[in-house]
Amino acid sequence: MDRVFLGLLIIVVLSSSLWHLSQQPSVVQDVIKEAEEMVKEVVEDTDLKAAIDKQLSDIPDFASMLDVQEKKASFFAFMKHMIDEENQQLNELRQQLLSYKDKGTLDESQQEWVNSLAQRFKVDEKKTELDDIFDELLIKVDEIPVSLALVQAANESAWGTSRFALDANNFFGQWCFSQGCGLVPERRPEGASYEVRKFDSPAHSVRSYMHNLNSSHHYEGMREMRMKRREAGEPVTGPVLAHGLYAYSIRGVEYVDELVQMIRGNDLLRYDLEDESITEER
């Protein structure tokens, strides 16, 4: 049997059996000792340990992919799954909002849910009328075009090879401002206190990125563009919304132009139009 596979099998079996063993303390130590001997045999050399670590890692080894097209395809596939999942969550929240708005009158639990969502998405506290709260939430609680999320991830993480992607699961260059909240950039200006935020997983990075675009005052323009496209029945696409992200990078216009070029150069617009009858950008 392949030794890497055997090592992984041991780990899986141990994980699934741990709870049952905890109910029989008299045999736990014997089982652990036997398992340690098995793992020692299987992973006795450094190369094999590295191979198993790679198998268990959440992030593929993009740096080892020498073929550019292979690397791009692998990166997009890796990120798209998480982007789709988060967009699905946003869409479900949006549909719930629409259903509550249609009801007109909410019960206590429904009102609490709306209030909680309003706080989460930083709805203007001065807005107390339910219709006004719904209107602002429906501007903010919406999907991010797949093409835009993909190219921002690629751009900000150097195609999944940056230090911040590998060591902090940060694929979108997001900052934090409390000491120890992330990694300190090597070229951080003297006197600056920001860090590059550390996430528990790449999926958490995706979620935070989308929430940032949907709630920060810096991207009100992007959200207005998205709302107008929705109201006009036009597709919401990455190349359009990219023009609301001038504040995302100090590079400004140059950064936005690069995102648009990346979307077109990698034929990513098709992901934004999958559910549309329109086959080209308006």
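The values are calculated or read from the model by the stated rules, or taken from the named source; none is laboratory data. The structure displayed is predicted, hence computed values, not measured ones. A quick note on method: Cβ atoms are made from the backbone with ideal geometry, for glycine too, and the neighbour counts reach across all protein chains shown. These accessible areas exclude ligands, DNA and RNA; they are computed on the full protein's heavy atoms, side chains included. Shrake-Rupley method; radii C 1.70, N 1.55, O 1.52, S 1.80 Å.
Key figures
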read-out: Some residue of the stretch 75-93 being farther than 20 Å from Val206 by Cα, out of contact with any Gly (no Cβ under 7 Å at 6 or more places or on another chain), touching a residue at least 60 places away in the same chain (Cβ under 8 Å) and hydrophobic (A, V, I, L, M, F, W, C); value: no
read-out: Evaluation of Asp53 against (1) open to solvent by less than 50 Å² (accessible area, probe 1.4 Å); (2) closer than 18 Å to Leu166 by Cβ; (3) assigned to a helix (DSSP H, G or I); (4) modelled with pLDDT under 95 (one fails), failing number; value: (1)
read-out: Residue that is surrounded by the most Cβ atoms within 10 Å (Cβ to Cβ), among those in the stretch 109-159 that are farther than 24 Å from Tyr255 by Cβ, at pLDDT 95 or above and among the hydroxyl-bearing types (Ser, Thr, Tyr); value: Ser116
read-out: Breaking point among (1) more than 16 Å from Met79 (Cα to Cα); (2) hydrophobic (A, V, I, L, M, F, W, C); (3) at pLDDT 95 or above; (4) in contact with a Gly (Cβ under 9 Å, 6 or more places away or on another chain), for Phe171; value: (1)
read-out: Subset tally (residues that are aromatic (Phe, Trp, Tyr) and within 23 Å of Ile59 (Cβ to Cβ)) for the stretch 175-205; value: 2
read-out: Residue selected from the stretch 194-204 under the condition in contact with a strand residue (DSSP E or B) (Cβ under 8 Å, 6 or more places away or on another chain) and of a type outside the set (Val, Ile, Thr), by the criterion surrounded by the most Cβ atoms within 10 Å (Cβ to Cβ); value: Arg197
read-out: Considering residues of the stretch 160-193 that are open to solvent by 40 Å² or more (accessible area, probe 1.4 Å) and in contact with a helix residue (DSSP H, G or I) (Cβ under 9 Å, 6 or more places away or on another chain) only, the residue farthest from Gly252 (Cα to Cα); value: Leu166
read-out: Per-region count, the stretch 210-238, residues open to solvent by 10 Å² or more (accessible area, probe 1.4 Å) and within 13 Å of Gln152 (Cβ to Cβ); value: 2
